[in-house]
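In what follows, a single structure is set out as structure tokens and then discussed.
The values are calculated or read from the model by the stated rules, or taken from the named source; none is laboratory data. Here the structure is a predicted model, which is why all the values come from computation and not from measurement. Glycine gets a Cβ as well: all are built from the backbone with ideal geometry, and neighbour counts include every protein chain shown.
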């Protein structure tokens with residue numbers, strides 16, 4: 001009998017190919033079954049809020065945007081709150097009227113667009129919040145900037161402030177269109193006054209996207225300066241597959257597959273549940289930013305970008321902090337950009353407990369010599385002290401100066417987090433110090449104790465640092481950068 005090695009190889013490859021296909025199908029089925037075993041979807045997961053602004057909406061000014069927002073929140077009442085009823089014994093659910101986390105307990109519902117007017121503003125500031133967030137995250141910063149003389153607009157980005165279901169259909173272009181609308185409106189109302197953007201997380205990505213778009217398109221109003229907090233410049237590459245999970249769930253009629261997380265809604269101004277599409281939105285806007293940077297780089301136009309001041313924690317579980325340096329700051333051409341990095345608490349007593357590499361971001365930025373931007377690193381005076389110094393490297397310099405700040409790490413805090421930067425220690429909702437408010441609940445020191453695996457909300461989520469002990473320094477830097485001091 002004639003031996004055919006090619007035929008044998010073909011059979012072996014087919015065997016392994018079918019085996020891999022079978023394993024993939026099995027894992028996919030197990031994955032889908034596991035997702036479908038999660039808690040049932042509630043009205044706030046399924047409500048179709050079709051009064052939301054989109055890039056195709058026939059809305060071209062802020063007044064019309066706010067009228068549409070009024071209709072949207074009326075629809076939210078009908079499709080969600082009217083169905084869920086009164087809180088009764090469910091006092092932690094934000095979608096129950098009268099609960100401790102009902103946003104309407106507050107004198108202002110910070111889920112909605114807000115504006116702090118000034119009779120004679122020295123600057124105009126557009127504030128853009130993060131993904132799954134609301135304008136509340138920009139509230140304290142907005143109040144401080146307003147007191148310093150600015151006209152402030154805190155924009156509610158499409159898909160936010162209502163119910164988690166709003167993040168299922170939203171596209172990043174809807175968000176970008178809302179930012180353009182706000183910028184056109186502000187430039188029309190305040191001609192000749194400097195206009196700045198302060199963006200947090202995904203809002204930072206939208207700010208950068210707008211600035212790049214305004215260089216590409218001379219018809220768009222120009223930004224004078226940009227401030228970025230926990231900027232979303234890069235996200236995990238796994239986010240690229242988010243859209244396929246959502247599509248698979250849609251094709252199979254499995255509604256829960258459209259959700260990465262289905263969690264209790266106990267925060268009045270931030271979604272607990274997280275739609276798969278939201279991850280796709282974050283990925284696609286970062287891809288678009290890199291495309292824009294490439295185009296402007298090829299055309300030698302990057303020098304036209306406005307000055308940027310960015311703040312980032314050296315550790316960030318939400319975005320890839322190193323991409324802020326590698327994919328944005330390293331590409332900047334002028335020396336008037338500034339980067340501030342919050343180091344971890346480097347006290348000797350807790351160093352051995354770290355399960356991370358906090359040096360990666362610092363190494364990435366310090367190896368850039370010459371540096372086209374100034375750098376500040378907030379770190380411990382030494383390994384035996386909780387007190388903080390700011391080490392400042394001017395643009396183009398390899399030597400630094402050192403400034404004691406007179407503030408210290410709280411005894412039980414080992415680092416900041418992605419979500420901490422916009423909030424002062426006395427924030428009424430997320431602060432560690434009790435602020436003055438009509439809030440029914442505080443989340444800054446939330447920590448229930450009991451057996452593991454019992455609560456739907458993980459201990460890691462509850463213990464995440466939610467406020468910034470160095471907020472005053474940050475706010476001073478922002479106001480100086482924007483010419484408000």
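Here are some residues: 417, 399. Which one is in contact with a strand residue (DSSP E or B) (Cβ under 9 Å, 6 or more places away or on another chain) and surrounded by fewer than 14 Cβ atoms within 10 Å (Cβ to Cβ)?
That would be 399, the only listed residue that is in contact with a strand residue (DSSP E or B) (Cβ under 9 Å, 6 or more places away or on another chain) and surrounded by fewer than 14 Cβ atoms within 10 Å (Cβ to Cβ).
Take residue 78 and decide whether it is in the same structural domain as residue 177 (by TED's automatic domain parsing), farther than 24 Å from residue 202 by Cβ and in a helix (DSSP H, G or I). If you could, list the steps in order and put the result at the bottom.
Numbers: in the same structural domain as residue 177 (by TED's automatic domain parsing): yes; farther than 24 Å from residue 202 by Cβ: yes; in a helix (DSSP H, G or I): yes.
Yes.
Does residue 223 qualify as being touching a residue at least 40 places away in the same chain (Cβ under 8 Å), in a helix (DSSP H, G or I) and more than 30 Å from residue 74 (Cβ to Cβ)? Walk me through how you get there before you give the answer.
On the way: touching a residue at least 40 places away in the same chain (Cβ under 8 Å): yes; in a helix (DSSP H, G or I): no; more than 30 Å from residue 74 (Cβ to Cβ): yes.
Here the answer is no, as residue 223 does not meet what is asked.
Name the pairs whose Cβ atoms lie under 9 Å apart, with the first residue in the stretch 392-404 and in the same structural domain as residue 380 (by TED's automatic domain parsing) and within 13 Å of residue 374 (Cβ to Cβ), the second modelled with pLDDT of 90 or more and assigned to a loop (DSSP other than H, G, I, E, B), and 6 or more positions between them or separate chains?
395/336; 400/394; 401/394
Can you name the residue in the stretch 95-115 that is outside any helix (DSSP H, G or I) and within 21 Å of the chain's Cα centre (by Cα) and is also farthest from residue 266 (Cα to Cα) among such residues?
115
From the set of residues in the stretch 382-401 that are farther than 19 Å from residue 471 by Cα and assigned to a strand (DSSP E or B), which is nearest to the chain's Cα centre (by Cα)?
393
For every residue, the table says whether it meets (1) within 14 Å of the chain's Cα centre (by Cα); (2) in a loop (DSSP other than H, G, I, E, B).
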{"residue": "265", "(1), (2)": "no, yes"}
{"residue": "269", "(1), (2)": "yes, yes"}
{"residue": "279", "(1), (2)": "yes, no"}
{"residue": "290", "(1), (2)": "no, no"}
{"residue": "311", "(1), (2)": "yes, no"}
{"residue": "320", "(1), (2)": "yes, yes"}
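For the stretch 148-162, does any single residue satisfy the condition of being part of a helix (DSSP H, G or I), touching a residue at least 24 places away in the same chain (Cβ under 8 Å) and surrounded by 22 or more Cβ atoms within 10 Å (Cβ to Cβ)?
no
Going by the structure shown, is residue 325 surrounded by fewer than 23 Cβ atoms within 10 Å (Cβ to Cβ), more than 18 Å from residue 133 (Cβ to Cβ), within 21 Å of the chain's Cα centre (by Cα) and in the same structural domain as residue 475 (by TED's automatic domain parsing)? I'd like the intermediate steps shown before the answer.
Values: surrounded by fewer than 23 Cβ atoms within 10 Å (Cβ to Cβ): no; more than 18 Å from residue 133 (Cβ to Cβ): yes; within 21 Å of the chain's Cα centre (by Cα): yes; in the same structural domain as residue 475 (by TED's automatic domain parsing): yes.
Taking the combined requirement at face value, the residue does not satisfy it.
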